[in-house]
Structure formats: C-alpha cells, structure tokens
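Report on one structure; see the data block that follows.
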C-alpha cells in the first residue's frame with residue numbers, strides 16, 4: 001500500500017511531521033516522498049498546486065485519494081489501516097472522547113507556540129511589544145494547562161492516558177519545539193518529561209526533522225518565556 | 001441518552017452551533033442545556049470552569065465524559081451514536097478522506113472570517129490598515145477556494161459530496177456568517193446557494209442562534225469585502 005502513497009513535506013513543519021509519525025505507526029514505511037524547501041518556496045510549485053490548491057505542505061496522496069490537511073491525513077490513515085500497526089484511536093467512546101479532545105486542543109498549543117516563536121513573521125511595522133507580551137502570557141497559560149493534564153494522569157502517561165494514541169501523533173511535533181527553542185524547563189516540567197519519554201520512540205526517531213539532526217540546537221526564541 | 005447530556009453554549013458561536021447541529025442530526029433532542037451570555041462573561045463562571053479549564057463555550061458533558069472542543073464533541077457524538085440519526089462519517093475510506101479534509105479546512109475559513117469580521121477585537125493601538133487589508137485578501141482567496149469546491153461538485157452538492165456529512169455540520173455555522181454580515185454575494189455565489197439549500201434543514205433551523213432570530217439582520221461588517 002505504501003508504494004501508492006506520495007508525501008510532499010518540509011523539514012521541521014509540525015503538520016508534516018505528524019503525518020510522517022502516523023505513517024510510521026501504521027507500518028507504512030516505504031511510501032514515496034519528496035522533501036521540499038520552504039525557504040526556496042518549493043511548496044508553491046506547480047507539482048504541489050496540482051494536488052493542493054493551498055500550495056501548502058504536507059500534500060499527501062494515496063492512490064487517487066488526496067488529503068492534505070495534516071490532522072485529516074492522520075485520521076484517514078488510522079481509518080484506512082485500522083488493524084495495521086498501532087491502534088491510534090481506541091474503540092471505547094470514553095477513551096475516544098479524550099483522544100479527540102486532545103487532538104483538537106493541539107491546534108491551540110500549536111497556534112500559541114507559533115504566535116510567540118514566529119512573531120517576527122508579522123510585518124515589521126505591525127509588531128507591538130504589547131501583542132508579543134500578550135501572546136507570551138497566553139502561551140504560558142496554555143503550557144500550564146497541558147502540564148496539568150499530564151500531572152493529573154500520572155508519571156509515564158501519554159497525552160490521552162496509558163497508551164500512545166492519535167493525540168500523541170499530532171501533538172508531539174509541537175511539543176518538540178519547546179526544548180528545541182530553549183523554553184525554560186520550569187514552564188512545563190511534565191511536558192518535558194513526556195518529551196524525553198517519546199523522543200526515541202521508533203516512529204518519532206525515524207521521522208525526526210533532518211535539519212534538526214544536522215543542527216540539534218535551535219534558536220533561543222523561547223528562552224525568555 | 002440525551003437526558004444525561006449537558007451543553008453550555010452561547011448564541012451565534014460557530015463552535016457551539018456545530019455541536020447543536022450534531023446533537024439534532026443524531027436525534028439527541030432533549031439534552032440539557034444552558035444558554036450563557038458572552039457579554040456578561042458567564043462562560044467564565046465557576047460552573048463552566050469546573051468542567052472546562054479553558055472557560056470557553058461550548059462545554060459539553062455526557063454522563064462522566066467531558067468533551068469541550070467543538071469538533072471533538074461532534075466526532076464523539078458520531079462515534080457514540082453511529083447508527084442513530086444521520087450517518088455523518090461514511091464508511092468508505094475515499095469518502096471519509098474528503099469529509100475529514102473539509103472538516104479540518106473549516107478551521108481556515110473560520111479563522112479568516114474572524115480575522116476580518118472581528119478585527120475590532122484587536123486592541124486599538126495595535127490595529128493596522130495594512131493588516132486588515134491582508135486579512136481581507138486572505139478571506140477572499142479562502143472563499144474562492146470553497147466556492148470552487150462546490151462548483152466542481154455540481155449543483156445541489158453538500159461540502160463533501162452528494163450527502164450531508166460532518167463537513168456540513170462543522171462548516172455551516174461559519175458559512176452562515178457571510179450572508180448575515182452582508183458579504184457581497186459575488187464573492188461566493190456557490191456558497192450562498194449552498195447556504196440557501198441548508199438554512200431550513202431541520203437540524204439547522206432547530207439550532208438557529210436565538211439572537212439571530214430576534215435580529216435577523218447582522219452588522220454589515222463584510223459589506224466591503
């Protein structure tokens with residue numbers, strides 16, 4: 001099946017990374033892929049646009065099925081290969097509810113991380129210290145929430161309980177930015193333990209962003225959070 | 001089952017509305033609910049916070065299961081009541097892929113609509129004509145995308161094909177803002193036909209925002225889009 005798949009991706013992009021983790025977890029190694037450079041704007045190429053009118057990465061195709069939104073691709077893979085590899089969405093509705101809750105909450109953490117770490121993407125004349133300060137406060141509160149979730153579930157827990165699930169697939173690539181960008185450990189000690197627990201998991205190691213391997217230290221954008 | 005459910009909601013909030021449409025489609029009429037006022041900050045009450053650390057609406061509980069993210073609540077309801085009411089997620093993986101794709105793309109449409117319609121939520125000293133202009137261009141491009149999806153699928157189509165699905169449940173409440181806020185029809189003629197086709201659907205009519213019923217005309221925030 002993996003031979004009929006094609007993934008266009010960019011190194012370090014949380015949306016791309018989560019699809020790659022899902023592919024690994026579902027034992028779909030051997031899928032075709034093409035690493036594109038955001039810097040060179042290769043994601044704006046005709047090749048990508050033919051499959052993705054948003055000209056964004058990831059762009060993912062399986063046979064004739066095109067599914068580009070990263071969360072959608074992950075859910076699709078789980079559904080199409082339910083009994084293959086890791087079961088990422090449990091059958092029990094109560095457990096499912098928590099998985100879905102954390103999957104969708106990931107958007108909050110991701111956006112708030114972007115709003116601080118990539119604040120310099122705001123055009124220069126439109127930046128305000130007051131806005132950055134507010135973004136930072138909002139991110140700190142968000143981290144506290146997630147740290148609380150892990151604290152409540154106890155040592156060694158995954159994001160939605162005792163098992164690795166879709167919540168971990170979609171959220172880990174966001175969480176990995178915090179140590180990389182030098183976020184102070186005390187802002188989210190439980191999340192950092194969780195990061196340590198997961199960073200060598202085979203699916204995650206196999207899909208680790210290549211430019212992070214080359215340069216393990218990221219900029220210290222979150223140092224003063 | 002509906003008697004063991006409790007929904008805290010606010011009138012006109014797309015996230016609340018989509019959960020209410022899902023409840024209607026799954027034949028869960030009779031659920032307990034409490035309408036709260038955003039203006040009076042009733043969503044910041046202890047009653048809500050006890051269930052939702054984000055103190056946001058919707059806040060939704062079914063028995064002991066709490067699931068507050070609106071998309072997550074919708075997916076949970078479909079899963080827990082799969083064979084009851086409308087089937088919102090098809091079995092076929094190819095059809096499913098398109099439903100998931102449109103469900104997650106809804107976040108783009110919603111955010112871009114907010115970024116224009118509610119630009120005055122940006123603190124006064126931080127507003128810029130250049131930012132609002134960019135937001136408007138981005139929203140116009142987004143509308144063009146969605147209009148193209150409908151155009152391609154043909155007259156009378158729902159967002160993910162010939163059947164009403166989860167994509168319609170989650171996206172309709174966002175689409176309904178465009179006519180309400182006087183968006184020029186030519187910006188998205190197919191979306192406006194789609195709106196006309198769906199606005200009297202029982203699940204949608206039954207959950208129509210009460211303050212929209214009282215005041216059918218909204219402000220003309222999108223008039224100059």
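A few points about this structure:
- Among B:60, A:118, B:164, B:104, the order by Cβ neighbours within 10 angstrom, fewest to most, reads A:118, B:164, B:104, B:60.
- As a rough footprinting exposure proxy, the listed residues B:9, B:208, A:212 were ranked by other beta carbons within 10 Å of their own, and the order from fewest upward is A:212, B:208, B:9.
- Mean residue ellipticity at 222 nm, helices only, chain A: -15000 deg cm²/dmol; runs of at least 4 DSSP H residues each add -39,500 (n - 2.57), and the sum is divided by the number of residues.
- FRET efficiency for residue A:122 and residue B:41, using Cβ-Cβ distance with R0 set to 41 Å, rounded to 0.05: 0.90
- Peptide A:71-84 has a mean shielding of 4, counted as Cβ atoms of other protein chains within 10 Å of each residue's Cβ.
- Computed over the Cα atoms of segment A:166-225, pair by distinct pair, the Kirkwood hydrodynamic radius stands at 12.0 angstrom.
- Spin-label model distance (nm) - residue B:138 vs residue B:27, 7 Å beyond Cα toward Cβ: 4.3 nm
- Computed from the C-beta positions of residue A:83 and residue A:153 and an R0 of 25 Å, the FRET efficiency is 0.40 to the nearest 0.05.
- Expressed in Å, the radius of gyration and Dmax of the Cα atoms of chain A are 17.6, 52.
- Other copies of residue A:153: label-to-label distances in nm, shortest first, labels 7 Å along the beta-carbon direction: 3.4
- Spin-label model, residue A:92 to residue A:197: label points 7 Å out along the Cα-to-beta-carbon direction sit 1.7 nm apart.
- Label-point distances for residue A:51 to the equivalent site in the other copies, using a point 7 angstrom along Cα→C-beta, read 4.2 nm when ranked shortest first.
- Each 10 Å bin from zero holds the following percent of Cα-Cα pairs in segment B:93-214: 12, 42, 32, 12, 2.
- Most fluctuating residue given options B:123, B:210, B:189, as computed from a GNM of chain B linking Cα atoms under 10 Å: B:123
- Across the identical copies, the label point of residue A:199 (7 Å from Cα in the Cβ direction) is separated from its matches by 5.5 nm, in order from shortest.
- Debye log10 I(q)/I(0) for segment A:2-80, one point scatterer per Cα, at q = 0.14 Å⁻¹: -0.38
- Distance between the modelled labels on residue A:2 and residue B:51, one decimal in nanometres: 4.4 nm (7 Å Cα→Cβ projection).
- Alpha carbon centroid spacing (whole Å) that separates segment A:12-28 from segment B:155-195: 32 Å
- The residue in chain A that lies nearest, by its beta carbon, to the axis linking chain A with chain B is given here with the distance in whole angstrom as A:107, 3.
- Cβ-based exposure ranking for B:45, A:70, B:79, in which fewest neighbours within 10 Å come first: B:45, B:79, A:70
- Global form of the protein assembly as shown, assessed from the alpha-carbon gyration tensor, a/c cut-off 1.5: rounded
No value in this document is a laboratory result; all are computed from the given coordinates. This is a predicted model, so every value here is computed, not measured. As a convention, Cβ positions derive from the backbone with ideal geometry for all residues, glycine included, and neighbour counts pool all protein chains shown.
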